[in-house]
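Undergrad: First the structure, which I've put down as structure tokens, then a few questions once you've had a look.
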Amino acid sequence: MKKPKFQKPLGMHDILPYEQKYFRKVYDAVQDIAEFYSFGKIDTPVLESAELFSKGIGLGTDIVQKEMYHLKTKGGDALALRPEGTAPIVRAYIEHGMINRPQPVKLYYYSPFFRHERPQAGRYRQFWQFGFEILGEENPIVDAQIIQIFYGLLMDLGLKNISIEINSIGDKECRPAYRRSLVRYLKSNAESLCANCKKRTKENPLRVLDCKEEKCRPVINGAPQMIDSLCPECKEHFKKVLEYLDEIELPYTLEPHLVRGLDYYTRTVFEFFSSEEVTENKKRLALGGGGRYDYLIRQLGGRDVTGIGGAFGVERIVQLIKKEGDLSSKRKKTKIFLAQLGDLAKRKSLRLAEEFRKTKILIDESFGKDSLKNQLARASRIGAEYTVIIGQKEALEDTAIIRNMKSGKQETVKFKEVVDKIKKLSKKR
Ligand code: AMP
């Protein structure tokens, strides 16, 4: 057949009517889980100031250096087609004074993004991503919760054999010393590195750990590990994240060389893969990833507030749904608030959140807060019908209090019976 005169731009694709059902499925699942965990949707412009990304993602990253689409307007403004979602969300958080709202602010997006990459299977120049961000909370429980949300979403989509890789890349206290020891090591192994990594050793040495070239593998495998250089605060934070993940039994593995391709990350970083591999030239492609960005908000002109989030590629998920996913849909109803006091109660609440999610009962929480009064105030504000309270005593006794928010009546039930009890109560309504 003769080639038509006009074709879609290289690396971009049409989503035709018979494919929409897969994309719709992902969209619905994202919306459902966002509503379940009380995330608000945000849409930001496709174009942003180019400087937002060079400052936010980092000048030395591939995304900014090689992949960003630039545009000079007639008025002389330097804009860029957004290559990722976190920097625009942080920009909006600062610009709209969201710091003055109750923290944390939980936002999600579902939008097209643009990167001028070499087009390959699973790698496009315009692709869809959805992401979840929690701004204004530094408690490690939200790191675990973000990972739990993405995992739960992939389960909702019927995907199997999902694995999670996790690492901590420290903060400004401990990373500089690690960076120095890494550079020393890389310099002494320079002859075994690809040309790109030789350059990266000078400009952005952590990126070497992210190199996909076979040649660099042995050097990377023998490289010093960040986890051995973490300062006590980062170590404690990471330990807590892992404890929370253990509590909810998520299948993660520690990946000591995971660094991610953007400069704004601190402490926790993670990536998700499927064993039903999405590959490009036999290289494993991630379904999504993310991490903590404790300095980004300040770096972009905001206050000293921390954040965590992640983003997933819709095309890669659709590719998996076509192979092994589930196109049927389930939906949800009653709203419950989970309140907790103390660390053990926090862990139990995290587990409870997962059980509620499986039964499609809507919940909300403010895991980062420790005052019961504040938590109950939030429960009333969101119109929760019941609040499940786990205090220190209940956590030890393996019980929970169920409070009817309208009548104020409370009853204590066994921890393992909470979900059934709420199910019964919501049937009675
Ligand atoms: P990143 O933040 O760069 O790790 O991107 C997060 C996720 O977006 C990746 O794990 C992919 O699923 C998806 N993604 C990133 N770049 C592309 C691309 N060029 N084409 C399709 N999906 C992509």
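Bear in mind these aren't lab numbers, they're just calculated from the coordinates by the rules spelled out. From a predicted model like this one, the values you see are computed outputs, not experimental measurements. Here the Cβ positions follow ideal geometry from the backbone for every residue, glycine too, while neighbour counts run over all protein chains shown.
Undergrad: With a/c under 1.5 counting as rounded, go ahead and sort the chain into rounded, prolate or oblate using the C-alpha gyration tensor (a ≥ b ≥ c being the square roots of the eigenvalues; past the cut-off, prolate if a/b is larger than b/c, else oblate).
TA: prolate
Undergrad: Then there's this: Please identify, among GLU411, GLU173, GLU67, the residue showing maximal mean-square fluctuation in a Gaussian network model of the chain using a 10 angstrom Cα cutoff.
TA: Answer for the Gaussian network model of the chain: GLU411.
Undergrad: Assign unit charges at the C-beta atoms only (+1 for Lys and Arg, -1 for Asp and Glu), then state the dipole size of the chain relative to its Cα centre in Debye, rounded to the nearest 20.
TA: It works out to roughly 1040 debye.
Undergrad: Going down the table (LYS2/LYS215; LYS369/LYS416; LYS239/LYS421), which pairs top 30 Å between alpha carbons? Could you put the intermediate results ahead of the total?
TA: Details: LYS2/LYS215 42 Å; LYS369/LYS416 24 Å; LYS239/LYS421 33 Å.
Beyond 30 Å between Cα atoms: LYS2/LYS215; LYS239/LYS421.
Undergrad: Another question, if that's okay. Give me the extension gain from GLU249 to ASP343: residue separation times 0.36 nm, minus the current Cα-Cα distance, reported in nm with one decimal.
TA: On the way: separation 94, 0.36 × 94 = 33.84 nm, distance 1.71 nm.
Additional length available on full extension: 32.1 nm.
Undergrad: GLU191 to GLU173: extension gain in nm, 0.36 nm per residue of separation minus the Cα-Cα distance? If you can, show how the numbers build up before the last one.
TA: Numbers: separation 18, 0.36 × 18 = 6.48 nm, distance 3.07 nm.
My answer for the length gained is 3.4 nm.
Undergrad: For LYS74, list the lysines whose Cα falls under 28 Å from its own Cα; do not include residues on the same chain fewer than 8 positions away.
TA: Of all the lysines, those that pass the test against LYS74 - Cα under 28 Å, at least 8 places apart if same chain - are LYS8, LYS55, LYS66.
Undergrad: Pick from GLY158, GLY307, GLY131 the residue whose mean-square fluctuation is largest in a GNM of the chain, springs joining Cα atoms under 10 Å.
TA: Result: GLY158 has the largest fluctuation of those listed.
Undergrad: So how much slack lies between GLN31 and MET12, counting 0.36 nm per residue of separation and subtracting their Cα-Cα distance, in nm?
TA: 4.3 nm is the gain from fully extending GLN31 to MET12.
Undergrad: I've got another one for you. Per the Debye formula with a single identical scatterer at each Cα and no solvent contribution, what log10 I(q)/I(0) holds for the range 282-323 at q = 0.15, 0.16, 0.19, 0.22 Å⁻¹?
TA: Normalising to I(0) and taking log10 leaves -0.54, -0.58, -0.66, -0.74.
Undergrad: Which whole-number percentage describes the relative contact order of the chain, with Cα contacts under 8 Å and a sequence gap of 6 or more?
TA: Here the relative contact order equals 17 percent.
Undergrad: How do ILE149, ILE63 rank when sorted from fewest to most other Cβ atoms within 10 Å of their own Cβ?
TA: ILE63, ILE149
Undergrad: Just the number, please: Stokes-Einstein D of the range 1-137 in µm²/s, Kirkwood Rh from C-alpha pairs, 4 °C, 1.567 mPa s.
TA: Rounded, D is 76 µm²/s.
Undergrad: Could I ask something else about it? Using a ≥ b ≥ c from the Cα gyration tensor of the range 335-427 (square roots of the eigenvalues), is it rounded, prolate or oblate, where a/c under 1.5 gives rounded and otherwise the larger of a/b and b/c decides, a/b for prolate? Please report the intermediate quantities before stating the final value.
TA: Values: a/c = 1.29, a/b = 1.07, b/c = 1.20.
Here the range 335-427 falls in the rounded category.
Undergrad: Between SER426 and LYS41, how many nm apart are label points set 7 Å from Cα along the C-beta direction?
TA: Using points 7 Å along Cα→Cβ, the separation is 2.2 nm.
Undergrad: Ok, one more. So who's got an amide H within less than 5 Å of the one on GLY307, skipping anything under 5 residues away but keeping other chains? H placed 1.01 Å off N, in plane.
TA: Placed amide hydrogens put GLY136, TYR293, ASP294 under 5 Å from GLY307.
Undergrad: Please compute the volume of the convex hull spanned by the alpha-carbon atoms of the range 160-240 and report it per residue in Å³.
TA: Output value, Cα hull per residue: 111 Å³.
Undergrad: Determine, from the Cβ-Cβ distance of ALA78 and LEU327 and an R0 of 51 Å, the FRET efficiency 1/(1 + (r/R0)^6), rounded to the nearest 0.05. Spell out each step's value before the answer.
TA: On the way: r = 43 Å, r/R0 = 0.85.
Calculated transfer efficiency: 0.75.
Undergrad: Same structure, new question: Per residue, how big is the convex hull around the C-alpha atoms of the range 282-392? Give it to me in cubic angstrom, could you?
TA: On the way: hull volume 19.9 nm³, N = 111.
Per residue, the Cα convex hull of the range 282-392 comes to 179 Å³.
Undergrad: Moving to a separate point now. When the distances between all Cα atoms of the range 73-161 are binned every 10 Å from zero, what whole-number percent does each bin get?
TA: Each 10 Å bin holds this share of Cα pairs: 13, 32, 36, 15, 3, 0.
Undergrad: Given the options ILE382, THR412, PRO9, identify the residue whose Cα lies farthest towards the positive end of the charge dipole of the chain (+1 on Cβ of Lys, Arg; -1 on Cβ of Asp, Glu).
TA: Positive-end residue among those listed: PRO9.
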